[in-house]
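A.B. asks: Here it is: the structure, laid out below.
The values are calculated or read from the model by the stated rules, or taken from the named source; none is laboratory data. Worth saying up front: this structure is predicted, and the values here are computed from it rather than measured. Heads up, the Cβs are rebuilt from the backbone with ideal geometry, glycines too, and the neighbour counts pull from every protein chain shown.
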Amino acid sequence: QVQLIESGGGLVQPGGSLRLSCAASGSASYINTMGWYRQAPGKQRELVADITSSGGTNYVDSVKGRFTISRDNAKNTVYLQMNSLEPEDTAVYYCNAPRVLSTGHWYFDLWGQGTLVTVSS
């Protein structure tokens, strides 16, 4: 069984920075795209950024220039560096992996438990 374990959320003042991490537990041998989504109170979940296994990235317009997604394939871990945080970034952030290969089995549409990011003075 493969799980996505997130860490790094918390409370930060506007203009501050946080780094989120998401590690795939278990013996994952291949993960293609990994992504970060967020859901603010009363809003739908939205894609924040994703990254392919070869390093190609995609960002929602509202975070371009402020957030950076990266991954360490050897550690099956994806990161989200968030700078210049704004109150509008307040949300629960979720890690997602659409396809994971582990011990000869494919796992589909895996989600982390979510980590709360609060941007407030």
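Matching residues to (1) under 18 Å from Ser120 (Cβ atoms); (2) surrounded by 14 or more Cβ atoms within 10 Å (Cβ to Cβ):
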position: Ser27; (1), (2): no, no
position: Ile31; (1), (2): no, yes
position: Met34; (1), (2): no, yes
position: Gln44; (1), (2): no, no
position: Ser54; (1), (2): no, no
position: Met82; (1), (2): yes, yes
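A.B. asks: Also, quick follow-up: Of everything in the stretch 17-76, what is charged (D, E, K, R) and part of a strand (DSSP E or B)? Give them in sequence order.
C.D. replies: Selection gives Arg19, Arg38, Glu46, Asp50, Arg71, Asp72.
A.B. asks: If only one of Ser29, Ser21, Ser17, Ser70 is polar (S, T, N, Q) and modelled with pLDDT under 95, which one is it?
C.D. replies: Testing whether each residue is polar (S, T, N, Q) and modelled with pLDDT under 95 leaves just Ser29.
A.B. asks: Something else: Would you be able to say whether some residue in the stretch 46-67 is closer than 15 Å to Leu110 by Cβ and touching a residue at least 60 places away in the same chain (Cβ under 8 Å)?
C.D. replies: Scanning the stretch 46-67 turns up no residue that is closer than 15 Å to Leu110 by Cβ and touching a residue at least 60 places away in the same chain (Cβ under 8 Å).
A.B. asks: Restricting the search to the stretch 1-32, which residues are β-branched (Val, Ile, Thr) and either more than 13 Å from Asn76 (Cβ to Cβ) or more than 17 Å from the chain's Cα centre (by Cα) (or both)?
C.D. replies: Once the filter is applied, which keeps residues that are β-branched (Val, Ile, Thr) and either more than 13 Å from Asn76 (Cβ to Cβ) or more than 17 Å from the chain's Cα centre (by Cα) (or both), the stretch 1-32 yields only Val12.
A.B. asks: Yes or no: the stretch 51-67 includes at least one residue that is closer than 19 Å to Thr115 by Cβ, among the small types (Gly, Ala, Ser) and either at pLDDT below 95 or touching a Phe, Trp or Tyr at 6+ places or on another chain (Cβ under 9 Å) (or both).
C.D. replies: no
A.B. asks: Give me the residue from the stretch 84-110 that is surrounded by fewer than 14 Cβ atoms within 10 Å (Cβ to Cβ) and hydrophobic (A, V, I, L, M, F, W, C) and, out of that set, modelled with the lowest pLDDT.
C.D. replies: Filtering first and then ranking leaves Trp106.
A.B. asks: For the stretch 19-32, which positions are within 19 Å of Val92 (Cβ to Cβ) and out of contact with any helix residue (DSSP H, G or I) (no Cβ under 9 Å at 6 or more places or on another chain)?
C.D. replies: Arg19, Leu20, Ser21, Cys22, listed by residue number.
A.B. asks: Taking Ser7 as the residue in question, decide whether it is touching a residue at least 60 places away in the same chain (Cβ under 8 Å) and under 16 Å from Pro87 (Cα atoms).
C.D. replies: Answer is no for this residue.
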